[in-house]
Amino acid sequence: MAVKLYASLAITEEDLINIRVGEDVPEHRLLEEAVSAQNKGADELIITDAAPAELHEESIHLLRAVCAAACIPVTVTGPVKRLEDVKKYLYAGCSRVILALSDPAQYALLKEASERFGAEKIAAAADSSVMSLAEDFFEPVRLYAGSVFSLVRPEECGNRFEGMPFIFIEKEKTPDEGLSYFLKPEIEGYCHPAFTEAQGYPVAEYKSRCMEAGGKMYVLESSLSWDDFTKNADGLLPVIVQDFENDEVLMMAWMNREAFEETLVSGKMVYYSRSRKERWCKGETSGHYQYVRSLVIDCDRDTMLAKVIQVGAACHTGNRSCFYTPLTDTGIRKQNPQRVLEEVYETVLDRKKNPKEGSYTNYLFEKGIDKILKKLGEENAETIIAAKNPGSEEIVYEISDYLYHLTVLMAEKGVSWDDITAELARRH
């Protein structure tokens with residue numbers, strides 16, 4: 001069982017004073033701390049929503065920005081009173097919502113939330129106040145919560161959470177004193193206040209120390225070892241780096257054994273610089289980290305393909321990709337479905353920002369949301385009618401019309417295809 005390290009952050013009233021729903025979230029402390037925590041090696045974030053009820057929508061807005069910026073899962077705990085509150089957190093991009101067992105309203109939601117969203121999306125929070133309760137109090141927890149976050153040490157919980165993924169939140173001992181917990185088979189996660197930017201605790205180094213002590217930490221595991229690869233005369237392996245989201249080729253670099261092994265432990269791409277003759281972690285100086293999503297070796301085992309989440313630019317020139325200088329081009333283009341949808345969206349968005357006389361798109365924007373919805377409804381009905389007719393030509397035409405009007409609606413509401421595909425990916 002691998003143990004994850006969690007960094008704990010909080011949304012406060014002060015964080016939300018200058019945020020209004022619908023506006024872009026500026027460079028914000030919470031975003032900076034979230035990104036810093038993952039860069040330091042945290043495997044997951046726990047965010048406590050401590051904002052007052054009147055700023056709940058602003059809190060969701062900020063949380064959505066954090067989830068979009070983070071390349072690691074985000075778990076949230078907050079003032080949940082009804083199922084709608086759970087839905088808002090999950091729709092903001094959180095991987096799990098924690099329900100406090102000490103709060104009767106949240107405890108009562110366990111079954112309903114689990115059946116609606118899946119047990120893996122619902123966690124329970126336990127503190128000392130519930131430890132004296134009868135055994136039947138914990139039966140719904142084991143049935144409907146996918147994991148438990150506990151402020152109580154595992155040895156003090158007995159069999160109350162037996163068989164459940166157990167994440168221990170330590171507040172008393174120092175992180176070094178907590179090393180022994182990683183030898184306990186029931187621990188699947190560990191969180192300490194020191195794993196934050198304010199304390200500056202080196203989480204990645206702590207993870208290495210835990211592994212040296214015999215703990216099994218959450219790291220990437222390769223099906224082949226470095227010795228199984230075919231290296232060049234200098235003992236290096238070429239790595240082609242590709243954008244995980246759109247398959248764009250970003251760059252090419254080299255790895256040695258140390259770089260490969262550090263990549264697996266850190267989850268970030270680490271290379272060997274032939275010119276400087278030293279290891280280099282992409283983004284250490286620029287902040288343009290590459291977070292690993294997959295590593296694949298070719299048939300001869302002499303070239304690696306890395307698919308990554310790229311932060312900022314991959315190229316030192318500031319270009320997104322190092323491959324930006326054209327040499328020759330046949331002009332033939334493959335129709336990538338997502339790229340076509342994105343290009344149509346950009347055209348529609350441009351019409352909204354820069355109106356063009358005689359544009360049908362501008363006509364829809366000028367008439368407003370009711371007109372856009374009316375046209376979308378009409379196109380939906382025509383698509384249904386076309387589906388009842390023989391052949392596919394008509395329905396292709398009608399679906400295209402429907403998608404165009406859907407794109408106009410998305411632009412009107414400020415929703416992008418990235419938002420849609422990200423949500424579909426979370427449900428997959």
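The values are calculated or read from the model by the stated rules, or taken from the named source; none is laboratory data. Note that the structure is predicted; figures quoted are calculated from it, not measured. Here Cβ is always computed from backbone atoms with ideal geometry, including for glycine, and neighbour counts include all displayed protein chains. What goes into the accessible areas is simple: the full protein's heavy atoms, side chains included, and nothing from ligands, DNA or RNA. Shrake-Rupley method; radii C 1.70, N 1.55, O 1.52, S 1.80 Å.
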So Leu63 passes all but one of these: (1) closer than 21 Å to Glu423 by Cβ; (2) in contact (Cβ under 8 Å) with a residue 40 or more places away in the chain; (3) open to solvent by 10 Å² or more (accessible area, probe 1.4 Å). Which condition number does it fail? (3)
Can we say Glu284 is in contact with a strand residue (DSSP E or B) (Cβ under 8 Å, 6 or more places away or on another chain) and open to solvent by 30 Å² or more (accessible area, probe 1.4 Å)? no
Given the condition open to solvent by 10 Å² or more (accessible area, probe 1.4 Å), under 25 Å from Tyr190 (Cα atoms), at pLDDT 90 or above and not charged (D, E, K, R), answer yes or no: does some residue in the range 47-55 qualify? yes
Has the range 390-408 got any residue that is closer than 26 Å to Ala69 by Cα and either open to solvent by 90 Å² or more (accessible area, probe 1.4 Å) or of a type in the set (S, T, N, Q) (or both)? yes
Among the hydrophobic types (A, V, I, L, M, F, W, C) and in contact with a Cys (Cβ under 6 Å, 6 or more places away or on another chain): is that true of Cys315 in this structure? yes
Pairs, first within 23 Å of Val35 (Cα to Cα) in the range 271-295, second among the polar types (S, T, N, Q) and surrounded by 19 or more Cβ atoms within 10 Å (Cβ to Cβ), C-beta under 6 Å, six or more apart: Lys282/Gln290; Gln290/Gln310
Can you say whether Ala259 is open to solvent by less than 70 Å² (accessible area, probe 1.4 Å), of a type outside the set (Ser, Thr, Tyr), assigned to a loop (DSSP other than H, G, I, E, B) and without any contact (Cβ under 8 Å) to a residue 40 or more places away in the chain, as far as the supplied structure shows? no
For Leu179, which of the numbered conditions (1) surrounded by 17 or more Cβ atoms within 10 Å (Cβ to Cβ); (2) at pLDDT 85 or above; (3) over 18 Å from Asn39 (Cα atoms) fails to hold? (2)
Within the range 310-326, is even one residue assigned to a strand (DSSP E or B), under 26 Å from Asn232 (Cβ atoms) and touching a strand residue (DSSP E or B) at 6+ places or on another chain (Cβ under 6 Å)? yes
Residue list for the range 89-122, filter: under 18 Å from Cys67 (Cα atoms) and not aromatic (Phe, Trp, Tyr): Leu90, Ala92, Gly93, Cys94, Ser95, Arg96, Val97, Ile98, Glu120, Lys121, Ile122
For the range 342-361, state whether one or more residues are among the hydrophobic types (A, V, I, L, M, F, W, C), open to solvent by 70 Å² or more (accessible area, probe 1.4 Å), outside any loop (DSSP other than H, G, I, E, B) and more than 30 Å from Arg96 (Cα to Cα). no
Checked against (1) outside any helix (DSSP H, G or I); (2) out of contact with any strand residue (DSSP E or B) (no Cβ under 6 Å at 6 or more places or on another chain); (3) over 30 Å from Asp419 (Cβ atoms); (4) in contact (Cβ under 8 Å) with a residue 24 or more places away in the chain, Asn246 satisfies every condition except (3)
Just name the residue that is surrounded by the most Cβ atoms within 10 Å (Cβ to Cβ) out of those in the range 118-166 that are small (Gly, Ala, Ser) and farther than 28 Å from Tyr218 by Cβ. Ser129
Within the range 34-46, track down each residue that is of a type in the set (A, V, I, L, M, F, W, C) and either surrounded by fewer than 21 Cβ atoms within 10 Å (Cβ to Cβ) or closer than 18 Å to Lys81 by Cβ (or both). Val35
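Residue-by-condition table, conditions (1) surrounded by 19 or more Cβ atoms within 10 Å (Cβ to Cβ); (2) at pLDDT 90 or above:
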residue: Glu23; (1), (2): no, no
residue: Ala68; (1), (2): no, no
residue: Leu110; (1), (2): yes, yes
residue: Arg116; (1), (2): no, yes
